[in-house]
Amino acid sequence: MLKVNSYSAKGTKLSSVTLPKTLEEKENLALLAQAIRVYEDRQHPGLAKAKTRAEVLRTKKKLYKQKGTGGARHGSRGAPIFVGGGVAHGPRGIKRVLELPLALKRKALAVAVSLKVKEGQVVSVDALASLKKTKEANKLIEKVFAETKTKRATLVLSEANLGVKKIFRNFGKVRILPYKDINAYDVFFGGVILFDKEIFVTKKVKKETKK
């Protein structure tokens with residue numbers, strides 16, 4: 001079981017919280033590296049394209065006759081050797097799209113969370129909806145930074161508490177994400193991870209309702 005420290009919205013330390021089993025996974029650095037590689041690759045469209053000698057807007061006429069000039073042989077000024085000519089072997093604007101199956105994405109996320117928990121870089125925050133002022137939010141963040149000895153944080157919010165982001169959005173050191181959008185990359189490079197406790201409470205309520 002993954003147990004993490006818990007704080008109230010005002011920075012008071014509470015009893016520890018157990019994370020869901022879906023966020024617990026054995027160490028798998030190869031899968032984690034693969035997930036990060038796919039994420040980073042998909043952040044770049046990779047649509048850069050260079051024109052070939054056939055595509056540049058220059059005359060296709062031969063520069064001068066083939067023989068008898070004493071100079072090198074040339075075709076048109078659209079050749080790559082000339083300024084303003086085409087580019088040989090340049091990018092073509094065709095990108096191979098890397099993908100990762102959903103099951104592996106979820107597993108990689110659990111691996112990242114498990115590693116962060118081992119490092120003491122995951123905490124839970126209770127009653128975030130009670131926050132009304134930026135000063136209170138800053139006090140919470142500073143308390144967590146002092147406890148975990150970090151300078152960056154990722155606040156992961158439940159759907160019910162997404163409105164709280166307006167209190168944290170002016171903090172350059174805090175990134176805010178809804179729980180449904182987090183991935184292994186966000187967790188691994190996100191500094192200390194602050195999970196809204198409401199995320200796990202909502203899940204328990206849904207399971208009980210289904211029964």
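For the reader, a short list of remarks on this structure follows.
- Estimated inter-spin distance, Glu55 and Thr134, nm [label 7 Å along Cα→Cβ]: 4.8 nm
- Square roots of 5 times each gyration tensor eigenvalue, C-alpha, region 96-211, largest first, Å: 24, 19, 14
- As an equivalent ellipsoid, region 54-97 spans semi-axes of 29, 11, 7 angstrom, where each value is the square root of five times an eigenvalue of the C-alpha gyration tensor, largest first.
- Helices in the chain, meaning DSSP H runs of at least 4 residues, each add -39500 (n - 2.57). Divided by all residues, the mean residue ellipticity at 222 nm is -10000 deg cm²/dmol.
- Dividing the convex hull volume of the alpha-carbon atoms in region 65-131 by its residue count gives 273 Å³ per residue.
- Across all directions, the average projected area of the convex hull around the alpha carbons of the chain is 18.8 nm².
- Cβ crowding within 10 Å averaged over residues, with 115-123, 10-18 ranked highest first: 115-123, 10-18
- Folded to 0 to 90 degrees: helix 134-148 orientation relative to the chain principal axis, Cα: 90 degrees
- Nearest 10 degrees, 0 to 90: helix 102-118 Cα axis against the chain principal axis: 60 degrees
- Which of Leu19, Thr69, Ala137, positive extreme of dipole for the chain (C-beta unit charges): Thr69
- Peptides 85-96, 133-144, 61-72 ranked from most to least packed give 133-144, 85-96, 61-72, packing being the mean of other C-beta atoms within 10 angstrom over each peptide's residues.
- DSSP bridge analysis restricted to the chain gives an antiparallel fraction near 25%, rounded to the nearest 5.
- Counted by Cβ distance under 9 Å from Ala153, the other residues give a net charge of +4, where Lys and Arg count +1 and Asp and Glu count -1.
- For Asp41, Asp196, Asp126, Asp181, the sequence from fewest to most other C-beta atoms within 10 Å is Asp181, Asp41, Asp126, Asp196.
- Rough spin-label spacing in nm, given labels placed 7 Å along Cα→Cβ, for Glu24 and Leu102: 2.5 nm
- When Arg152, Arg53 are sorted by how many other C-beta atoms sit within 10 angstrom of their C-beta, beginning with the fewest, the order is Arg152, Arg53.
- Angle of helix 29-42 to the longest C-alpha principal axis of the chain, folded into 0 to 90 degrees and rounded to 10: 60°.
Where a number appears in this text, it was derived from the coordinates with a stated rule and is not lab data. The model shown is predicted, which means the values in this text are computed figures rather than measured ones. Note that each Cβ is placed from the backbone with ideal geometry, even for glycine, and that neighbours are counted across all protein chains shown.
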